[in-house]
Amino acid sequence: MNINNEWSMWAIILAFGFPIIIIVLGEIIYRLQRNNNPIAATFKIVRNLVTPILVLMLLLKNVLEINPEGELIRIVETLCWVSLINAFFSLINVILFAQAEADSWRAKVPKLLLDLGQFFLVLLGTCIVLSAVWNADLAGLVTAFGIGSIVIGLALQDTLGSIMSGITLLFERPFELGDWIKVGEIEGQVIEINWRAVRLLTHERDLIIVPHLVIGKETILNESQPPGTGIENVKISFSLADPPNLVKQIMKSTALTIPGILTEPPPEVHTLAYNESSITYDVRFYLDDYGKILEIRDELLTRIWYAAKRNNLTIPFPMRTLHLYDGKTLEIKNNTSEKFVHSLKSIVPQVREQENWDELTQGSSLQHFGKGETVIKAGEVSHALYIIIAGEAAMTVINEMGREQEIMRVARGEFFGEMALFSRQASAVTVKAISDLEVMVIYADAVNKIIENQPSLAREIAQIIEARRKEIPTFNNGLQKADLVSHQQAEVN
């Protein structure tokens, strides 16, 4: 075989050149993709379409020497030109739009419109190629294309209407991927925007497909735009006997403790209506993530119940209630008194009985805190001693890294709040409920009277304060020895 023959040279070039070109293009694409360069898409077209078809055409013409006027050569040549046109417009798309500056008009052109524009330009280029390669009548092709477009348009008018509505929506950009929107009665998170419809994922994890044609006819409420302005309303009723200003203050302060509710703008509480046996209030708050609305609403309503119990507010039943006195009030009072004595005995088992327990009970209250609620906040002055009847709480401080760190847990039979109470300084620790917490809150005056009559309680509290100081060095910062306890203990002795 004479290696100088033209077909032999082409065979050698194609045999060695094609793999080398594919490897080089693959390496270029890999590097471009690592740098997130959009021009990698154009190189993919060159590698996957243009190069193989071009090599096939050269093989057929120069190696196999097939008749250039044959149908096979024309088909391959047509495919080669169409792939080149596709690669060319893909490159133009990348240069003009994909690499445009973020604030320019080119960056705001929807991808769907770019894809449709590229499709029609490639289709027009295909018509020109057919005219040149196959000697087809271009006017006839255009006419056929026009008539075919009319027929297809009539048959797919709803689909095309959705596409046009989609293009309009993409130009206006009323929402983006990840936004929570409400279309009519449908509410969900946008997870996909395609050429025909928008896919929404609801709070119930249902997937709803809403055609652009439907969206174009409905009012769109975007809960996620502008960021941080997602708003929600919760309506709740309280007794007519509860002072409205007190109710508003408690609900607002409760809302501010919920993670996910913004402090700016702050929550708002409004009086809505006076009902037959209650007053209805509306709590309006703003969210940083509307996708967590169910969890935030649940947490808010749960904490409102505990806050209402602690502040003796009544959430009335949706019915008329007839109150009959049958001694239950006395039972509740006696039950509170029993818990009061039981809580003291949990600290000092040898505490002696005394006749004025009921009087001292008036200086205390039984309070409930829900899981996650803050009982004492660092920096605030505590005026009470908290004895845990049920549940568990955690004490936390801010460490040197500026992060909250748990230092101790207290459970049933233990107490907290003593350091801030007796030092008369702001609390150095934050106390949060780990589980539902029931505490007996004994206020300062009642604590003083108890200590006067129960010296053992004063000694027990003093020992625990000293032990906690030694165990947790952080307590030594900003706290002085409980002089009040020592002074009262000395007076008693």
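Distances between placed amide hydrogens fall under 5 Å for L272 paired with T280, Y281, D282, all partners being 5 or more residues away or on another chain.
Counted by Cβ distance under 12 Å from W180, the other residues give a net charge of -4, where Lys and Arg count +1 and Asp and Glu count -1. I want the local charge near I39. Using Cβ-Cβ distances under 14 Å, sum +1 for each Lys or Arg and -1 for each Asp or Glu among the other residues. Summing Lys/Arg as +1 and Asp/Glu as -1 gives +4. For E223, neighbours were defined as the other residues whose beta-carbon sits under 13 Å from its Cβ, and their charges (Lys and Arg +1, Asp and Glu -1) total -4. Net length available on complete extension from M9 to T263 is 83.7 nm, with 0.36 nm assigned per residue and the Cα-Cα distance removed. Computed with the Debye formula from one identical point scatterer per Cα of the stretch 174-222, without solvent, the log10 of I(q)/I(0) at q = 0.12, 0.13 Å⁻¹ comes to -0.19, -0.23.
Scalar couplings 3J(HN,Hα) for the stretch 280-286, obtained by applying the Karplus form with A = 6.51, B = -1.76, C = 1.60 to θ = phi - 60°, are 9, 10, 10, 9, 10, 9, 10 Hz; x denotes Gly and Pro. What the phi angles of the stretch 86-92 give under the Karplus curve with 6.51, -1.76 and 1.60, with θ = phi - 60°, is a coupling list of 4, 5, 5, 5, 5, 5, 4 Hz, glycine and proline written as x. With both labels modelled 7 Å from their Cα along Cα-to-Cβ, the N233 to K182 distance reads 0.9 nm. Would you mind checking the stretch 185-222 for residues with the amide N under 16 Å from a putative spin-label position 7 Å along Cα→C-beta of L116? The answer is 193-198, 211-217, whose backbone nitrogens lie closer than 16 Å to the label point.
Across the stretch 125-131, coupling constants 3J(HN,Hα) worked out from phi with the 6.51/-1.76/1.60 Karplus curve, θ = phi - 60°, read x, 5, 4, 5, 5, 4, 5 Hz, and Gly and Pro carry x. Of the peptides 236-244, 46-54, the ranking by mean beta-carbon count within 10 Å, highest at the top, reads 46-54, 236-244. State the extension gain, in nm to one decimal, for the chain segment bounded by I22 and V214, taking 0.36 nm per residue of separation less the distance between their alpha-carbons. Full extension of this stretch gives 64.5 nm more.
May I ask you to list the residues of the stretch 200-242 whose amide nitrogen lies under 12 Å from a point 7 Å from Cα along the Cα→beta-carbon direction of H270? Only 233-234 fall inside the zone, counting backbone N under 12 Å. With both labels modelled 7 Å from their Cα along Cα-to-Cβ, the H203 to E452 distance reads 5.5 nm. Can you give the FRET efficiency to the nearest 0.05 for L301 and T374, using r as the Cβ-Cβ distance and R₀ = 25 Å? So the FRET efficiency works out to roughly 0.90. Counting beta carbons within 10 Å around each of T314, T430 and listing the fewest first gives the order T314, T430.
Along its principal axes, the stretch 230-310 has C-alpha extents of 36, 24, 20 angstrom, given from the largest down. As a proxy for reagent exposure, H383, H212 were ordered by neighbouring Cβ count within 10 angstrom, fewest first; the result is H383, H212.
Taken together, the values in this text are just the output of simple stated rules run on the coordinates, not laboratory data. Just so it is clear, the structure is predicted and the values come from calculations on it, not from any experiment. Heads up, the Cβs are rebuilt from the backbone with ideal geometry, glycines too, and the neighbour counts pull from every protein chain shown.
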